[in-house]
1. Would you please report the Å³ per residue occupied by the convex hull of the alpha carbon atoms in the chain?
2. In the chain, once you exclude exposed GluC sites (Glu not before Pro) (DSSP loop, at most 11 other Cβ within 10 angstrom), what's the longest stretch remaining?
3. Sticking to Cα atoms, compute the Rg of segment 76-181 to one decimal and its Dmax as the biggest Cα-Cα distance, whole number, in Å.
4. If you take every residue apart from L106 with its C-beta less than 10 Å away from the C-beta of L106, what net charge results, scoring Lys and Arg +1 and Asp and Glu -1?
5. Place +1 on the Cβ of every Lys and Arg and -1 on the Cβ of every Asp and Glu in segment 7-61, take the dipole about the Cα centre, and give the residue among Q41, A16, L28 whose Cα lies farthest towards its positive end.
6. Take the chain, mark every one of the chymotrypsin sites (Phe, Trp or Tyr not before Pro) that falls in a DSSP loop and has at most 16 other Cβ within 10 Å, then report the longest stretch left between them, sites excluded.
7. Over the Cα atoms of segment 7-61, compute the convex hull volume and normalise it per residue, giving Å³.
8. Restricting to the chain, what percent of DSSP beta bridges are antiparallel, rounded to 5?
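Just so it is clear, none of the values below were taken in a lab; they were calculated from the coordinates. Bear in mind that the values here come from a model prediction, so they are computed numbers and not experimental data. Cβ atoms come from the backbone with ideal geometry, glycine included; neighbour counts cover every protein chain shown.
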Amino acid sequence: MDHSQAANEVKRKSGAKIYSHWIEARYLGHNPPYMGPPSIQDTLEKFEKIGISMDALIKEYGSFEVEPINVDEQMTDGDMIGSLKVIHTPGHTPGHISLYYEKDKLLLGADTIYKHVFGADGMYISAPQFSIDPTTTIVSAQRLSKVNFDKLLMAHQDSPLLEGARETVEKMVDESIRKIKR
């Protein structure tokens, strides 16, 4: 809900197309409805933990209900949206994608990797309470670490990584894999 809530309104006002990985397209159309994670209860608990009430959020931003979204074009790994290359990075959701802009060596990592959010220090791979498949999320982050990028933008972050981003992600992935092997 935090990434798709305004999609239909943006499309109505701008005429923009809505792109989605083919796996995600049916969830966006609520056929079948996506049940998380994160669940609505997990989201409410996270907000409460950091002192934000749902009533305050709704007053500020409106309802968190998301109407069905009609996807204009379904994408798959390797497709291009203009000059952005689609990289299928499942784990957070089944059809999660990241986007790569080769000219500037810029990676839009979306919810594969977080930095200083939800009370955590440093960077980390999407946590189990926010991922439908945490192990696959690690594999997706490992896959991203092999892309030739210098800059990384994430969906939830305190600031982008503008130097040495790929090396930072590679180290984080290696540490995550070592923890699994223990």
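1. In the chain, the Cα hull volume divided by residue count equals 131 Å³.
2. Result, exposed sites excluded: 66-162.
3. 12.7, 40
4. 0
5. A16
6. Working: sites that count: F64, F118.
Result, exposed sites excluded: 119-182.
7. 119
8. On the way: 13 of 21 bridges.
The answer is about 60 percent antiparallel.
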